[in-house]
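Below is one structure; the comments refer to it alone.
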Amino acid sequence: MVANWTQIDELLATYSQGWTVERMPAVDRAILRIGAWEVVFSDAIPDAVAISEAVALAKSLSTDDSPTFVNGLLARLSEVKPTLV
């Protein structure tokens, strides 16, 4: 995952629509980095499972708005994944 850190942050910044990576709450940023890696770079975990797990983490660890944000951003990455890899 660390090898893809810069690319993951670029993807998050590109598809987050109006949110810079630095502006995201630290917990959301960490959840999104892990989820983005699982969605874009790992074939071991189905995208739907990775997204669901990330949303569950956001529900239990972050703000009330975070689960929707995490779900939307990771779902968008899943949609565009064929053009990214």
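Read-outs throughout are calculated quantities, based only on the coordinates presented, and are distinct from any laboratory measurement. Note that the structure is a prediction, hence the values are computed from the model and not measured. Cβ sites come from the backbone with ideal geometry, for glycine too, and all protein chains shown count toward neighbours.
Take the residues in the range 1-18 that are touching a residue at least 40 places away in the same chain (Cβ under 8 Å) and either in contact with a Cys (Cβ under 8 Å, 6 or more places away or on another chain) or assigned to a loop (DSSP other than H, G, I, E, B) (or both), then tell me which one is nearest to residue 81 (Cα to Cα). Quick ask: steps written out before the conclusion?
Quick first cut of the range 1-18, residues touching a residue at least 40 places away in the same chain (Cβ under 8 Å) only: 1, 11-12, 15-16.
Pick out the ones that are also either in contact with a Cys (Cβ under 8 Å, 6 or more places away or on another chain) or assigned to a loop (DSSP other than H, G, I, E, B) (or both) and you get 1, 16.
Details: 1: 16, 16: 15 Å.
Among those that are touching a residue at least 40 places away in the same chain (Cβ under 8 Å) and either in contact with a Cys (Cβ under 8 Å, 6 or more places away or on another chain) or assigned to a loop (DSSP other than H, G, I, E, B) (or both), it is 16.
Is there a residue being under 10 Å from the mean Cα position of the chain (by Cα) and over 10 Å from residue 74 (Cα atoms) anywhere in the range 17-29? Give the derivation first.
The initial filter retains those residues of the range 17-29 that are under 10 Å from the mean Cα position of the chain (by Cα), namely 28-29.
Still in the list and also over 10 Å from residue 74 (Cα atoms): 28-29.
Looking through the range 17-29, at least one residue is under 10 Å from the mean Cα position of the chain (by Cα) and over 10 Å from residue 74 (Cα atoms).
Are any residues in the range 43-52 surrounded by 13 or more Cβ atoms within 10 Å (Cβ to Cβ) and either in contact with an Asp or Glu (Cβ under 6 Å, 6 or more places away or on another chain) or under 20 Å from residue 5 (Cα atoms) (or both), and if so, which ones? The answer is 45, 47, 50, 51. Scanning the range 72-85 for residues that are farther than 18 Å from residue 13 by Cβ and surrounded by 15 or more Cβ atoms within 10 Å (Cβ to Cβ) gives no hits.
Any residue at all in the range 25-46 that is in contact with a Gly (Cβ under 9 Å, 6 or more places away or on another chain) and in a helix (DSSP H, G or I)? Reasoning before the result, please.
First pass over the range 25-46, keeping only residues in contact with a Gly (Cβ under 9 Å, 6 or more places away or on another chain): none.
No, the range 25-46 has no match at all.
Selection over the range 30-85 of residues that are touching a residue at least 12 places away in the same chain (Cβ under 8 Å) and not aliphatic (A, V, I, L, M) gives a count of 16. Only residues that are farther than 13 Å from residue 69 by Cβ and surrounded by fewer than 16 Cβ atoms within 10 Å (Cβ to Cβ): list them for the range 5-20, please. The answer is 5, 6, 7, 10, 13, 14, 20.
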